[in-house]
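See below for the structure under consideration.
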Amino acid sequence: MSGTFLFVPTHHTESSIGQNRSTVNEFSAVSFGRVEDVDYRKGGTGREVYFVVTGQAATGVNADNSRSKYGRVYRLMLDANDPTKGTLEVVLDGDDRSGPARLFQNPDNVVATQNYLYLEEDPNEYGDETHDSYLWQYNLITKELKSVFEIDHRRGLPDFAKFNTVTGTYAAATTSARGSWENSGIIDISDIVGKPGTFMLGIQVHGWHAARFKGVDGGVLRSVEDQGSQLLILSGLPR
């Protein structure tokens, strides 16, 4: 699909969400179901851009299923002569439950290297989850998609309850077949640490609550936030 970028003559601090939506609709713009993250393919000109749409439950504003439910990955190829123009295509479609991305549970973040995409999941707790949050690897050359990492909720271990409570400012999954922890943010740090194939990724452990987590980041909007989280170093992944 070909398309172009258009200037929207409003400012996010001066207009409401409804006003912005109305303005965008006037341009017949594509309505995505929660665009979450974007990155460009390395080793080229930077015109090959990938972004992920996490998806929305088929209720409320998405009751007509006009937007993705399980999430999609898009590729935007910017025109070499006019960066306001380009072509857009769906690379991986979680809503095609017989396709290669049929096990998608809401991709949330992406990092693009020279030959791969790495995609993190944030399950929306629809209740039909078949796995905990995956880190997906998509080979841009062969088009192979496979999971390379799954979050461990410590099921069956003595400390399970410590990390999977339903108290605090964020209730852990009570309806999902699997857990509610999410992969959240991934960057390639190979060049920084001098070790190829090294990535840093964050995990929001939504079921882990403790008073010592409150206010440690100096934020004021959610001063009672008491969730724990983790930063992990993952090595051995191809780029």
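Since every read-out is calculated from the coordinates, none of them should be taken as a lab result. Computed from a predicted structure; not experimentally measured. Reconstructed Cβ throughout: ideal geometry from the backbone, glycine too, with neighbour counts over all protein chains shown.
Springs between alpha-carbon atoms under 10 Å, Gaussian network over the chain: tell me which of VAL220, VAL24, VAL148 tops the mean-square fluctuations. In this elastic network of the chain, the residue with the biggest mean-square fluctuation among VAL220, VAL24, VAL148 is VAL220.
FRET efficiency for the SER16 to LEU88 pair, using the beta carbon distance and R₀ = 25 Å, is estimated at 0.35.
Under the combined filter of DSSP loop state and at most 11 neighbouring Cβ atoms within 10 Å, the stretch 1-80 retains these GluC sites (Glu not before Pro): GLU14. With respect to the chain, whose longest principal axis is taken over its alpha-carbon atoms, helix 17-26 is tilted by about 30°. In plain terms, if you count all Cα to Cα distances in the chain and split them into 10 Å steps from zero, the share in each step is 7, 26, 33, 26, 7, 1, 0 percent.
On full extension, the segment bounded by THR59 and LYS214 gains 52.5 nm, given 0.36 nm per residue less the C-alpha separation. Within the same chain, lysines fewer than 8 places from LYS143 are excluded, and of the rest, those with a Cα less than 18 Å from its Cα are LYS42.
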